[in-house]
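*Asks:* There's a structure below that I have some questions on.
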Amino acid sequence: MITAMSLFARLYCSSVMQQDVYVFMDFMTLVVTLWVLCKLQFRLRSTYSKDLDQFPLLYLLGPCVLLSIISYPKTGYPVLHRMLWAFGVYLETVQIIPQLNLMQSIRVIEPHTAHYVFALGVSNLLNCIHFVIRMVEGNKHLFKIIGPGTWAGVTLVSKLLSFLMLGDFSFYYIKSLIDGQRLVRLPV
């Protein structure tokens, strides 16, 4: 659900601020995420462990809202759009925390969940690399969107944090693949 919220914020801001191919990609990602949510809500509901999934979402949403009010890109776009974009970036950074918390409680991760979380890690890594390449190349359109100041650094740090949070899981995922295990077992 948090992923859908961050994607919705990013899609709205992309459609208003960027108006390029990334809008279509964000839209498709949101559609797939909503499809996964529907599957989880209706077809896979019996596999959900509500007693283990007790991470308070306010612990994520509150700081993201506060940070987006304090630190957002300094561009010519309306301030509400810039704050919403910042909110989406911050929320995208921490969106995996409830899933990691749940997986830490369970300790044995099923293959579909493991593949999904590992794919998120790879996506975060590629997203970070893409952002750095665009910055190094001096992409004028990117600089127009992010504006002057420290926002580029804030975005880069958030992308790195998101990737690093999945690093531990990725290690055990790759280790289980090398060992030929279908299930990923996290240490105590």
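The values are calculated or read from the model by the stated rules, or taken from the named source; none is laboratory data. Quick caveat: nothing in here was measured; it's all calculated off a predicted structure. No Cβ is skipped: glycine too gets one built from the backbone with ideal geometry, and neighbour counts run over all protein chains shown. Note: accessible area is taken over every heavy atom of the protein model, side chains too, but ligands, DNA and RNA are not part of it. Shrake-Rupley method; radii C 1.70, N 1.55, O 1.52, S 1.80 Å.
*Asks:* Just for segment 64-118: of the residues that are in a helix (DSSP H, G or I) and of a type in the set (S, T, N, Q), which one is most open to solvent (accessible area, probe 1.4 Å)?
*Replies:* 104
*Asks:* A further question on this structure: Identify the residue in segment 144-154 that is at pLDDT below 80 and assigned to a helix (DSSP H, G or I) and, among all such residues, is surrounded by the most Cβ atoms within 10 Å (Cβ to Cβ).
*Replies:* 146
*Asks:* Consider segment 1-31. How many of its residues are open to solvent by 80 Å² or more (accessible area, probe 1.4 Å) and farther than 22 Å from residue 134 by Cβ?
*Replies:* Residues meeting the conditions: 2.
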